[in-house]
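The values are calculated or read from the model by the stated rules, or taken from the named source; none is laboratory data. What you see is a predicted model, and the numbers here were worked out from it, not measured in a lab. FYI the Cβ positions are ideal-geometry reconstructions off the backbone, even for glycines, and counts take in every protein chain you see.
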Amino acid sequence: MFSRKDSKRLSFAVVLMCFCVTVTANAASGVFTASIDSQGKVMVQSPQWIKNVKHIPQAGYFSDYEIVLNAGVFERNPGFCSVSVTDLNSYDDIVSAHAKLAGTPTSHAVKVITQLIGDSAKEAGTSKSFMLMCVS
């Protein structure tokens, strides 16, 4: 039905279309970053991807942050997110302060927990500033 020459042209066209779809999909992906203070205030974000932050401290245990995302920022769940404490107020913060994702990030929200490892005092400040990065 197809000559060998036509078959090669068709194969080339299919490969070219796949390449174009891949380039288009990669162009839509991006890196989203934010700096959030210990009280849940967004200090800096790039681009504008965070709607608000809900902060729920649990003294002596952990602090819970729910980062609510602007509608339509992610069509699907982020492909990767990472978080890191930025508080450097004391030696304990440098050595013992931790931040981690609390569950799988969704296209609507990312949950983060901060805590001071090794300090069980009820008055221990568990709310910590952090940097958050997600990749679509």
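Within the stretch 50-82, the set of residues being of a type in the set (Phe, Trp, Tyr) and either surrounded by 16 or more Cβ atoms within 10 Å (Cβ to Cβ) or free of Cβ contacts under 8 Å to residues at least 60 places away in the same chain (or both) comprises PHE62, TYR65, PHE74, PHE80.
Here's the yes/no breakdown for (1) in contact with a strand residue (DSSP E or B) (Cβ under 8 Å, 6 or more places away or on another chain); (2) polar (S, T, N, Q):
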{"residue": "ILE56", "(1), (2)": "yes, no"}
{"residue": "ALA59", "(1), (2)": "no, no"}
{"residue": "TYR65", "(1), (2)": "yes, no"}
{"residue": "GLY79", "(1), (2)": "yes, no"}
{"residue": "SER82", "(1), (2)": "yes, yes"}
{"residue": "LEU88", "(1), (2)": "no, no"}
{"residue": "ASP92", "(1), (2)": "yes, no"}
{"residue": "LYS100", "(1), (2)": "yes, no"}
{"residue": "THR114", "(1), (2)": "yes, yes"}
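Restricting attention to the stretch 115-136, the residues being outside any loop (DSSP other than H, G, I, E, B) and either at pLDDT 95 or above or on the phi > 0 side of the Ramachandran plot (or both) number 6. Scanning the stretch 83-114 for residues that are farther than 17 Å from VAL53 by Cβ, outside any loop (DSSP other than H, G, I, E, B) and in contact (Cβ under 8 Å) with a residue 12 or more places away in the chain returns ASP92, ASP93, SER96, ALA97, HIS98.
For the stretch 29-45, the candidate set comprises residues that are of a type in the set (Gly, Ala, Ser) and surrounded by 12 or more Cβ atoms within 10 Å (Cβ to Cβ); within that set, the residue that is farthest from SER107 (Cα to Cα) is SER38. Scanning for something closer than 19 Å to THR33 by Cα and without any contact (Cβ under 8 Å) to a residue 40 or more places away in the chain, does the stretch 116-124 turn up at least one residue? For the stretch 116-124, residues closer than 19 Å to THR33 by Cα and without any contact (Cβ under 8 Å) to a residue 40 or more places away in the chain: absent.
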